[in-house]
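Here's the structure we're looking at; comments come further down.
The values are calculated or read from the model by the stated rules, or taken from the named source; none is laboratory data. Predicted, not measured: the structure shown is a model, and the values here were computed from it. As a convention, Cβ positions derive from the backbone with ideal geometry for all residues, glycine included, and neighbour counts pool all protein chains shown. Please note that ligands, DNA and RNA were not included when accessible areas were found on the heavy atoms of the full protein model with its side chains. Shrake-Rupley method; radii C 1.70, N 1.55, O 1.52, S 1.80 Å.
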Number of protein chains: 2
Amino acid sequence: MPYQPEMTDAGLSPIHAVTALDELGQVRAVQVAGEAPLTLFVDERKIVTLMTLGSYPEALAVGYLRNQHLIKALREIKSVQVNWETETVKVNTGDKKIGSKAITSGCGQGAVLSISELPAIQLAKVTIKQSLIYALLRALAQYNKIHRQAGGVHACALCQGVEILAFVEDVGRHNAVDAIAGLMWLQDWSSDDKIFYTTGRLTSEIVMKVAHIGIPVLLSRSGVTHKGIQIAQEFGIILIAHAKDQRFLVFNGDVIFDACPARPR
Amino acid sequence: MPYQPEMTDAGLSPIHAVTALDELGQVRAVQVAGEAPLTLFVDERKIVTLMTLGSYPEALAVGYLRNQHLIKALREIKSVQVNWETETVKVNTGDKKIGSKAITSGCGQGAVLSISELPAIQLAKVTIKQSLIYALLRALAQYNKIHRQAGGVHACALCQGVEILAFVEDVGRHNAVDAIAGLMWLQDWSSDDKIFYTTGRLTSEIVMKVAHIGIPVLLSRSGVTHKGIQIAQEFGIILIAHAKDQRFLVFNGDVIFDACPARPR
């Protein structure tokens, strides 16, 4: 049994029912994604306010601290207490130094590293089969529940072979990645044999986070930026973007073409 | 002639040519969006590093400071100097107090206001005609250039009637909104008679920014969160989401249904 901090289990129901007028002027019942502020305290010190769907608030807090390099191992965390009345998550480490580090991050508006400053990360050298990509995309099509019902969210999934170990949706691309990073620590999952899937765009910060988590394969339904490709090349991450239906584009790494797409371009 | 700070004109060419392997294993020439770090200094003090496509770096810096409430009027800014060699934009105000304010923001990972703390903003009371929505969507379809060529970006547009005054694409939803806010100051454009369009999701922070800029109509190709709707209701912003082809959903405000959609649902 892996180490577990003392934790609440305070996931929110992520969907709200509202009404809207459609283009025919008719009232329609519509479901929209929730979005709640969650202010993260570490040892009583305020770190950041995250706007989140709230499905996995404890994992989000843990993964945020992991991806911001504020916590180096799960054992440093004694407890994670979410309270939606006060819109707070309190992480206790008992280590006064951790809460005193200052951080900022966000969607292209935060602390970033230049290519020359990238940390040394050793990722597993792997290949991926086209047949696995297709099998995964078929499996993932069954998920994406909130997006289909309500829109307004991005999804990330942690996959091992064709198995989807975790599927997290959130209002921000970053939160979903952070929550997966938190779940991986809490479940004590290895990273070398995993594939990271996201519906979001592969900007440099997302590729950096996946490298930091140690996952060697990154698959996205959306596009990629030039710096995202550069970082993938630097770390040797297999980077596949625009993966949808039978199509995809490999921007870095080895894919074994063992499955003929049903419909040629 | 409106007041202009002394400014560089250092917009980057936003598209990079790369090669990728497609699903048939064939090499394809592909264009991807650029993404460059731009560290913002105000009076020599470092404020934030923005990851940006870089098309409108001066307007982005001005709009960021506007939307973070760090600068109250364009006249407070004496100069805006972008230098891509050093990946910096230096804003000079001559006011030592401004640079000393601390800020964080980002894609659901930054400083946010709760509904009860919302500032008092008076927006113009307006209505919008369905025929104008359709005319705008047709006009906007001509834009979206980088997205079509390269993917990986979000677009925002500032519209007046069916005229598109500004169209900005960037790697982050927030950057594109900020750059439009900067352009509005630099061009001395009023806000009451404008419509704000975005391809991105209407999360609370985006709706807040548009309210802060003073624009009474917000139109998105994507979805909306529950808090985004609440903020629109609070400020009286017309909020239209999922606007695509002939379809849309009105979540707040008055739309005059004067155009029958060509294809019923």
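Details
- For the stretch A:18-59, residues that are within 10 Å of another protein chain (Cβ to nearest Cβ), within 28 Å of B:Tyr134 (Cβ to Cβ) and in contact (Cβ under 8 Å) with a residue 12 or more places away in the chain total 5.
- Evaluating B:Pro261 against the criteria (1) at the interface with chain A (Cβ under 7 Å from one of its Cβ atoms); (2) surrounded by 17 or more Cβ atoms within 10 Å (Cβ to Cβ) leaves one unmet condition, (2).
- Check on B:Ile215, closer than 24 Å to B:Ala141 by Cα, open to solvent by 30 Å² or more (accessible area, probe 1.4 Å) and modelled with pLDDT of 95 or more: no
- For B:His242, the test of being open to solvent by 40 Å² or more (accessible area, probe 1.4 Å) and either in a strand (DSSP E or B) or among the β-branched types (Val, Ile, Thr) (or both) is passed.
- Hey, B:Arg201 among the basic types (Lys, Arg), facing another protein chain (nearest Cβ under 9 Å), crowded, with 21+ Cβ neighbours inside 10 Å and without any contact (Cβ under 8 Å) to a residue 60 or more places away in the chain or not: yes
- Reported count of residues in the stretch B:1-36, each being in a loop (DSSP other than H, G, I, E, B), open to solvent by 40 Å² or more (accessible area, probe 1.4 Å) and hydrophobic (A, V, I, L, M, F, W, C), is 3.
For every residue, the table says whether it meets (1) open to solvent by 20 Å² or more (accessible area, probe 1.4 Å); (2) within 8 Å of another protein chain (Cβ to nearest Cβ).
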{"position": "B:Leu158", "(1), (2)": "no, no"}
{"position": "B:Gly161", "(1), (2)": "yes, no"}
{"position": "B:Ile164", "(1), (2)": "yes, no"}
{"position": "B:Trp185", "(1), (2)": "yes, no"}
{"position": "B:Ser191", "(1), (2)": "yes, no"}
{"position": "B:Tyr197", "(1), (2)": "no, no"}
{"position": "B:His226", "(1), (2)": "yes, yes"}
{"position": "B:Gln230", "(1), (2)": "yes, no"}
{"position": "B:Gly253", "(1), (2)": "yes, no"}
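- Lone unmet requirement of (1) open to solvent by 30 Å² or more (accessible area, probe 1.4 Å); (2) within 11 Å of chain A (Cβ to nearest Cβ) for B:Tyr64: (1)
- Among the residues examined, B:Lys72 qualifies as more than 30 Å from A:Tyr64 (Cβ to Cβ), modelled with pLDDT of 90 or more, open to solvent by 20 Å² or more (accessible area, probe 1.4 Å) and part of a loop (DSSP other than H, G, I, E, B).
- Condition broken by B:Ser222, with the remaining ones in (1) polar (S, T, N, Q); (2) open to solvent by less than 10 Å² (accessible area, probe 1.4 Å); (3) over 26 Å from B:Lys72 (Cβ atoms) satisfied: (2)
- Residues (among the β-branched types (Val, Ile, Thr) and more than 9 Å from chain B (Cβ to nearest Cβ)) located in the stretch A:133-156: A:Ile146
- Residue match in the stretch B:37-58 (condition: open to solvent by 50 Å² or more (accessible area, probe 1.4 Å), under 22 Å from B:Cys156 (Cα atoms) and part of a strand (DSSP E or B)): no
- The residue that is nearest to A:Asn67 (Cα to Cα), among those in the stretch A:237-251 that are more than 10 Å from every other protein chain (Cβ to nearest Cβ) and at pLDDT 95 or above, is A:Ile237.
- The stretch B:82-117, subset within 25 Å of B:His226 (Cβ to Cβ) and open to solvent by 30 Å² or more (accessible area, probe 1.4 Å), residue modelled with the highest pLDDT: B:Glu117
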